[in-house]
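Here's the structure, in structure tokens; my notes come after.
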Amino acid sequence: MKNYNKRTFFYQVVLFGFLSLLIISCDARDNYNDDADSKLSILESVSINGVPGSIDNLSGVISVVLPNTTNLESVLLETTTPSGVISSPASGTTINLKSNRAVSVSFSNSKRNYVIDYKILPSRIAFINEAAAIGDIADDDTKAFAQWAKDTYKEDFVYIPFNDLTIGSLAEVNVLLFYYDQVGSSALPASILNKKNVITQFVVEGGKMLTGGMANSYIAEIGRDKSGLLTIRGNGAGGVNNDIWSIDAGVNFQNDQRNSPVFNMTSVISTDLNGYFPVINGGFKEDHNSMWDLGPLLAPGHQLGQFGEFQRLYGGKVLATWSGVSDEAVAGIIEFMPTPVFAGTIIGIGFGGMEWSMNDNRINPYANNVKGIYRNSIDYLRTK
């Protein structure tokens, strides 16, 4: 090792630090005018078609991620600025992002310029299963859901067998659909457990996921759900029950969730006289719940406030429980929101009554509620 003179070394470090700071400062403060009025130091908010942008006031860059369905030649620009500051184009103006990405703000004789840096989300909705094709899926509910998704999303739909799951095969995927159901066991097959690294990377990098039925346990498998509370699981053969089963999205909540996009995004969901959403009529039911028991969160026993506590601890917003549950005891739909590690959102739907296929071949008059909740969830995730 060479022996440097301590004083020389000190001066080199100081000089290097000063030059580094100078370079970083010049780069970070690009488009920043020290002589401008202090009101021009900040653009308070910007949204494109209602999608909020991230503003870097030092560099003058507005970053926004838009749905793949966005017509870039006609988007609604909305801005908020400090009092007296004028933005151009004005807030509420329809602009063409393909030809004009500039936004300026002015106050008195000072002016600052921003540029909109937009990205378009991928378009694909992917359904995954162990079978080689939809027609080969063993479970009737899983097959019915996969076929519905294919019919609904048409050219945007893609089916991917577990064995074909790679980072490359998910490159154009926006939302990943994983629904699993079987009789006799709630365990997931080894072929999907072996793909945890792929799915984890997908969600970490911002991919969105919808899980249904027994697939909810996969949220814990990839490390997003660390609660250990997914303990209500059913996998029996089922039987006849003549009751109408409904879910509650806020009637008995401390914080009503019925305005969530999951219930209001694309499809209209009908309620009964109590404000609940019926999901299955009387007849044969499999009753394969895959739900979270929140009782341990606030001792002693079940009580209001457990949904909020789950969100505080685990970043999961509880959106629904079984109707008539007045103490926030169990969670049947949870939106796991982005974290510093997982950039993507996951929605888990675990009500056993939200079946896609009636085993006794009857018509379920509430099937549109089941389809609507899944459709709203998928369409909401597409915008995230």
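The values are calculated or read from the model by the stated rules, or taken from the named source; none is laboratory data. Remember, it's a predicted structure, so these values are computed and weren't measured experimentally. FYI the Cβ positions are ideal-geometry reconstructions off the backbone, even for glycines, and counts take in every protein chain you see. Only protein heavy atoms, including side chains, enter the accessible area calculation; ligands, DNA and RNA are left aside. Shrake-Rupley method; radii C 1.70, N 1.55, O 1.52, S 1.80 Å.
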>> Can you find, within the range 362-371, the residue that is farthest from Ile349 (Cα to Cα) among those that are touching a strand residue (DSSP E or B) at 6+ places or on another chain (Cβ under 9 Å) and in a helix (DSSP H, G or I)?
In response: Ala367
> Within the range 361-384, is even one residue among the acidic types (Asp, Glu), open to solvent by 10 Å² or more (accessible area, probe 1.4 Å) and in contact with a Phe, Trp or Tyr (Cβ under 9 Å, 6 or more places away or on another chain)?
Replying inline: no
>> Checking His302 against (1) at pLDDT 95 or above; (2) surrounded by fewer than 22 Cβ atoms within 10 Å (Cβ to Cβ): exactly one of these is not met. Which one?
In response: (1)
> Identify, please: which residue in the range 183-198 is in contact with a strand residue (DSSP E or B) (Cβ under 9 Å, 6 or more places away or on another chain) and outside any helix (DSSP H, G or I) and is, among those, nearest to Asp136 (Cα to Cα)?
Replying inline: Pro189
> Taking the range 98-125, which residues are in a strand (DSSP E or B) and in contact with a helix residue (DSSP H, G or I) (Cβ under 9 Å, 6 or more places away or on another chain)?
Replying inline: Val105, Ser106, Phe107, Ser110, Lys111, Arg112, Arg124, Ile125
>> Condition (residue is outside any strand (DSSP E or B), touching a helix residue (DSSP H, G or I) at 6+ places or on another chain (Cβ under 8 Å) and open to solvent by 50 Å² or more (accessible area, probe 1.4 Å)) applied to the range 145-152: is it met by at least one residue?
In response: yes
>> Return the residues of the range 64-88 that are within 20 Å of Ser123 (Cβ to Cβ) and among the small types (Gly, Ala, Ser); say none if nothing qualifies.
In response: Ser74
> If you check every pair at least six apart or on different chains, which have Cβ atoms under 6 Å apart with a residue in the range 147-174 that is within 25 Å of Lys119 (Cβ to Cβ) first and a residue that is at pLDDT 95 or above and exposed (fewer than 12 other Cβ atoms within 10 Å of the Cβ) second?
Replying inline: none
>> So, in the range 159-181, exactly how many residues are out of contact with any Gly (no Cβ under 9 Å at 6 or more places or on another chain) and surrounded by 15 or more Cβ atoms within 10 Å (Cβ to Cβ)?
In response: 6
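Considering Phe310, Phe263, which residue is open to solvent by less than 50 Å² (accessible area, probe 1.4 Å) and within 17 Å of Met354 (Cα to Cα)?
Numbers: Phe310 fails: within 17 Å of Met354 (Cα to Cα).
Within the list Phe310, Phe263, the selection yields Phe263.
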>> For the range 124-144, give me each residue that is open to solvent by 70 Å² or more (accessible area, probe 1.4 Å), over 25 Å from Thr200 (Cα atoms) and acidic (Asp, Glu).
In response: Asp136
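Does Val279 satisfy being under 29 Å from Glu205 (Cα atoms) and not in a loop (DSSP other than H, G, I, E, B)?
On the way: under 29 Å from Glu205 (Cα atoms): no; not in a loop (DSSP other than H, G, I, E, B): yes.
Judged against the criteria, Val279 is not a match.
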>> Which numbered condition in (1) at pLDDT 90 or above; (2) open to solvent by less than 30 Å² (accessible area, probe 1.4 Å); (3) among the aliphatic types (A, V, I, L, M) is the only one that Leu76 fails?
In response: (2)
>> Go through the range 289-299 and report how many residues are in contact with a helix residue (DSSP H, G or I) (Cβ under 6 Å, 6 or more places away or on another chain) and either aromatic (Phe, Trp, Tyr) or open to solvent by less than 40 Å² (accessible area, probe 1.4 Å) (or both).
In response: 3
